[in-house]
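Below is one structure, written out as structure tokens, with a few remarks after it.
The values are calculated or read from the model by the stated rules, or taken from the named source; none is laboratory data. Because the structure is predicted, anything quoted here is derived from the model rather than measured. Note that each Cβ is placed from the backbone with ideal geometry, even for glycine, and that neighbours are counted across all protein chains shown. Remember, those area values only see protein heavy atoms, side chains included, never the ligands or the DNA or RNA. Shrake-Rupley method; radii C 1.70, N 1.55, O 1.52, S 1.80 Å.
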Amino acid sequence: MIEIKNLNKYYGKFHVLKNLDLNLEKGEIVALMGPNGSGKTTLMKSILGLVIPDKGEIKVNQISVKNNSSYRKIIGYMPQIANYPENLKVSELFKLIRDIRGGDDSPDKELIADFRIEEIYNKNFGQLSGGYKQRVTAAIAFMHKPSLLILDEPTSSLDPLSSEIMKSKILKEKKESNLIFVSSHIASEVELIADRIIYMLEGKIILNTLIKNIKNGATEFKLGKALKDLIDMKIKEKND
Ligand SMILES: Nc1ncnc2c1ncn2[C@@H]1O[C@H](COP(=O)(O)OP(=O)(O)OP(=O)(O)O)[C@@H](O)[C@H]1O
Ligand SMILES: [Mg+2]
């Protein structure tokens with residue numbers, strides 16, 4: 001569903017994405033992990049066309065994203081930092097997104113109810129707490145039944161209960177959605193929701209594997225520890 005070949009992005013002289021190749025297939029929840037600044041958000045934004053790469057090609061459903069915006073119709077995106085107009089009421093924001101999209105989709109009813117968004121319909125987006133901004137952003141991402149969901153740290157500002165709501169929503173959506181690409185720093189969360197892990201380091205993918213392959217039949221398993229051992233091994237291989 002997503003094919004990336006030899007992707008390179010520079011910010012000035014700083015090489016952020018380095019000869020990156022990646023294929024993501026339908027039917028999986030794919031977790032994107034890696035240290036702060038490793039390039040996760042830049043990779044996601046490149047797929048969305050919000051960052052223009054210096055070299056390489058990205059295709060979504062066989063369509064090159066270059067000079068093309070129609071492919072975005074199937075994508076629901078939750079940015080890491082929500083930058084919606086501060087002075088719009090939440091209800092006006094939903095209407096604006098609906099008008100831009102040109103459909104008659106309404107925000108996800110389940111998330112509106114579970115995240116108690118109706119209570120803040122009349123508040124300006126800029127007045128909301130970080131967690132409520134993230135709740136609204138989630139309701140927008142799931143709005144038009146996307147077949148590709150790109151979620152950049154969707155639980156980072158949420159309280160524990162809301163975080164559980166978000167995780168079960170992601171798992172539920174797997175049945176509806178074709179591919180969910182989600183970044184996270186939380187190993188326990190990734191272990192619960194994802195099928196595959198991609199680990200980025202300094203603009204490169206150093207690990208791309210199914211979680212069940214890391215588990216390798218183990219009953220007593222902690223993804224965080226297993227992942228740390230694997231990453232340490234990869235870094236050692238690189239340095240040898
Ligand atoms: N607009 C920009 N201009 C200049 N440098 C940028 C810009 N956006 C990102 N960078 C740099 O690119 C690198 C990768 O940033 P990116 O946001 O993709 O990392 P990330 O893996 O998502 O990190 P985090 O875990 O903190 O979200 C960082 O060094 C960052 O400072
Ligand atoms: Mg990021």
query = Ordered by residue, what ³J(HN,Hα) values in Hz, to whole numbers, does the stretch 27-39 give under the Karplus form 6.51 cos²θ - 1.76 cosθ + 1.60, where θ = phi - 60° and Gly and Pro are x?
reply = x, 10, 9, 10, 9, 10, 10, x, x, 3, x, 7, x
message = Past 22 Å, Cα to Cα: identify those pairs from LYS9/LYS45; LYS55/LYS236; LYS18/LYS45; LYS45/LYS89, in the order given.
response = LYS55/LYS236; LYS45/LYS89
inquiry  = On alpha carbon coordinates alone, what is the Rg over Rh value for the stretch 2-239, Rh being the Kirkwood radius?
reply    = 0.97
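Quick check for you: with a 1.4 Å probe and neighbouring chains kept, what is the accessible area per residue of the chain, in Å²?
Numbers: 12440 Å² over 240 residues.
Value returned for the chain: 52 Å² of accessible area per residue.
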request  = Only Lys, Arg, Asp and Glu count, each charged at its Cβ (+1, +1, -1, -1), so figure out the dipole size of the chain about its Cα centre, rounded to 20 debye.
outcome  = 500
note = Under a 1.4 Å probe, counting only protein heavy atoms, ARG98 has an accessible area in Å², nearest 10, of 70
inquiry  = Please give me the summed charge of the neighbours of ILE2: other residues whose Cβ is under 10 Å from its Cβ, Lys and Arg +1, Asp and Glu -1.
reply    = 0
ask   = For the chain, what is the calculated [θ] at 222 nm in deg cm²/dmol (nearest 500), taking -39500 (n - 2.57) for each run of four or more DSSP H residues and dividing by its residue count?
value = -10500 deg cm²/dmol
inquiry  = Give me a comma-separated list of calculated 3J(HN,Hα) values for the stretch 139-152, in order, Karplus coefficients 6.51, -1.76, 1.60 applied at θ = phi - 60°, integers in Hz, x for any Gly or Pro.
reply    = 4, 6, 4, 8, 4, 10, 6, x, 8, 10, 10, 10, 10, 9
ask   = In nanometres, what is the gap between the two model label sites at MET233 and LYS175, each 7 Å from Cα along Cα-to-Cβ?
value = 3.6
Unit charges on C-beta of K, R, D, E only; dipole of the stretch 39-86, Debye = 160
